[in-house]
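Enquirer: What follows is a structure written as structure tokens; I'll ask about it next.
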Amino acid sequence: MGYRGRRRRSRVVLAGLDLALPAGQLTCLLGPNGSGKSTLLRTLAGMQPPLAGRACLGGDDVVALEPRERARRLAVVLTDQVDSGLLTAGDLVALGRFPYTTWDGRLGASDRAAVAWALAATGAAPLAGRRVDELSDGERQRVLIARALAQQPAVLALDEPVAFVDVPRRLELLRLLRDLAHECGLAVLLTTHDLDLALHTADILWLVEPAKGEVEVEGSDGARACVHVGAPEDLALSGVIGRAFAGDGVTFDPLRGTVVADTVPLASVHVAGDGPPAIWAARALEREGLAVIDGDARLRVTAAASGWTLEGPQPTSSHDTIAGLLSAVRAALPDLAAPHPHAPSGR
């Protein structure tokens, strides 16, 4: 899959694919920027023809389907800004019924029921009377998802649906899509480059591992990437996620399930205690450039609900805030003769 370029050459982005999108599950198409996620989604949705092979929807070639029939079976939500004019959210959702209406576009009872259900299912019913251009990014995304649901599709495809949404709303929208997949039997496919979000919400990952080098395919040029399929946890344990997201100075930490910076620790510190005070102290110390270890260290932090105590080369000190603790740690670093050998974090 790819796209046509100049001089009749085709840019191959992904090749040799054999993918199946399961109903009733949320599938995240994950990969670094520029890895071909949007190209793959647009090809599967019939918005651009594949360079070779076929994308099938219920056994039918999706490109060959008559547009109205395709819209009844597959709905797409893109990142493109919608020019809604003076439409209300309810009006915009009602446009999802276009594949079912006659030439005059009038809604029947079943159409109105589908619109009401889509608004309710996405939590967008309170927005129905508001103009779309007055909505926040998160509210607008809910309305666009409701419009897609009003089509009553078997497949729902979304390109970066939370790209412009604040962090709390991102998780809300992804959980909404997961619930819709599970409860309505939808096959939901969305693209994202947000690794943390995908690991927390996806039933299945389609992980694009960027290719190394160029490949020529019948007068085409481009890079041949791999798409790995599996549960998020399986792909993390296999090392695939680590390879896909590796970069200069960063690696995927399989213990914490996130990408971290490769740094030489300034020193080692042992954090004693349980619960949020210990967890957040350890995070702050790692951000400060220290290695948090389980064994002996010349710096020792004891965390409790009442505050934090630092023991080390300087006199023991107590602190009410983590900011105060970090100031004391910085002051103690010059007195350490040498950094402790880096050991894996126990947190």
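The values are calculated or read from the model by the stated rules, or taken from the named source; none is laboratory data. This is a predicted model, so every value here is computed, not measured. A quick note on method: Cβ atoms are made from the backbone with ideal geometry, for glycine too, and the neighbour counts reach across all protein chains shown. In case anyone asks, the SASA skips ligands and DNA or RNA and just uses the protein heavy atoms, side chains included. Shrake-Rupley method; radii C 1.70, N 1.55, O 1.52, S 1.80 Å.
Enquirer: Looking for whichever is out of contact with any helix residue (DSSP H, G or I) (no Cβ under 6 Å at 6 or more places or on another chain), open to solvent by 60 Å² or more (accessible area, probe 1.4 Å), under 24 Å from residue 69 (Cα atoms) and of a type in the set (Lys, Arg) here; the options are 106, 131. Which one fits?
Expert: It is 106.
Enquirer: Let me ask you something else. Among 149, 107, 127, which is the only one that is touching an Asp or Glu at 6+ places or on another chain (Cβ under 7 Å) and touching a residue at least 12 places away in the same chain (Cβ under 8 Å)?
Expert: 127
Enquirer: Could you check segment 69-78 and list, in sequence order, the residues that are buried (at least 17 other Cβ atoms within 10 Å of the Cβ) and without any contact (Cβ under 8 Å) to a residue 40 or more places away in the chain?
Expert: Matches in segment 69-78: 70 only.
Enquirer: Here's a follow-up. Of the residues 86, 158, 119, which is in contact with a helix residue (DSSP H, G or I) (Cβ under 9 Å, 6 or more places away or on another chain) and part of a helix (DSSP H, G or I)?
Expert: 119
Enquirer: Output the residues belonging to segment 280-299 that are in contact with an Asp or Glu (Cβ under 8 Å, 6 or more places away or on another chain) and of a type in the set (D, E, K, R).
Expert: Scanning segment 280-299 gives no hits.
Enquirer: Additional query: Would you be able to tell me the number of residues in segment 16-33 that are open to solvent by 60 Å² or more (accessible area, probe 1.4 Å), touching a residue at least 40 places away in the same chain (Cβ under 8 Å) and assigned to a loop (DSSP other than H, G, I, E, B)?
Expert: 3
Enquirer: Somewhere in segment 69-78, is a residue under 22 Å from residue 42 (Cα atoms), part of a loop (DSSP other than H, G, I, E, B) and either at pLDDT below 95 or polar (S, T, N, Q) (or both)?
Expert: The answer is yes; a qualifying residue exists.
Enquirer: Right, something else. Restrict the check to segment 209-226 and report whether at least one residue is open to solvent by 10 Å² or more (accessible area, probe 1.4 Å) and either closer than 24 Å to residue 115 by Cα or at pLDDT 90 or above (or both).
Expert: No, there is no match, as no residue in segment 209-226 is open to solvent by 10 Å² or more (accessible area, probe 1.4 Å) and either closer than 24 Å to residue 115 by Cα or at pLDDT 90 or above (or both).
Enquirer: Here's a follow-up. List pairs: first in segment 235-253 and under 20 Å from residue 286 (Cβ atoms) and touching a residue at least 12 places away in the same chain (Cβ under 8 Å), second open to solvent by 40 Å² or more (accessible area, probe 1.4 Å) and in a loop (DSSP other than H, G, I, E, B), Cβ under 6 Å, 6+ apart or cross-chain?
Expert: 236/254; 249/262
Enquirer: Return yes or no: is residue 303 modelled with pLDDT of 90 or more, outside any loop (DSSP other than H, G, I, E, B) and out of contact with any helix residue (DSSP H, G or I) (no Cβ under 9 Å at 6 or more places or on another chain)?
Expert: no
Enquirer: Which of (1) open to solvent by less than 30 Å² (accessible area, probe 1.4 Å); (2) closer than 26 Å to residue 258 by Cα; (3) at pLDDT 95 or above; (4) of a type in the set (Gly, Ala, Ser) does residue 323 not meet, given it meets every other one?
Expert: Among (1) open to solvent by less than 30 Å² (accessible area, probe 1.4 Å); (2) closer than 26 Å to residue 258 by Cα; (3) at pLDDT 95 or above; (4) of a type in the set (Gly, Ala, Ser), residue 323 violates only (1).
Enquirer: Considering only segment 252-273, state which residues are under 21 Å from residue 324 (Cβ atoms) and surrounded by fewer than 16 Cβ atoms within 10 Å (Cβ to Cβ).
Expert: 272
Enquirer: Right, another one. For residue 179, are the conditions met, namely being open to solvent by 40 Å² or more (accessible area, probe 1.4 Å) and under 20 Å from residue 33 (Cα atoms)?
Expert: no
Enquirer: Sticking with this one: Pull out all pairs, ordered by first then second residue, where Cβ-Cβ is under 9 Å, the residues are six or more apart or on different chains, the first lies in segment 264-280 and is free of Cβ contacts under 8 Å to residues at least 12 places away in the same chain, and the second is open to solvent by 20 Å² or more (accessible area, probe 1.4 Å) and hydrophobic (A, V, I, L, M, F, W, C).
Expert: Close Cβ pairs satisfying both conditions: 276/305.
Enquirer: Take the residues in segment 44-68 that are assigned to a strand (DSSP E or B) and free of Cβ contacts under 8 Å to residues at least 24 places away in the same chain, then tell me which one is least open to solvent (accessible area, probe 1.4 Å).
Expert: 61
Enquirer: Does residue 40 satisfy being touching a helix residue (DSSP H, G or I) at 6+ places or on another chain (Cβ under 7 Å), at pLDDT 65 or above and not in a loop (DSSP other than H, G, I, E, B)?
Expert: no
Enquirer: Next question. Among the residues of segment 306-315, write down those that are under 18 Å from residue 267 (Cβ atoms) and either assigned to a loop (DSSP other than H, G, I, E, B) or touching a His at 6+ places or on another chain (Cβ under 6 Å) (or both).
Expert: 308, 312, 313, 314, 315
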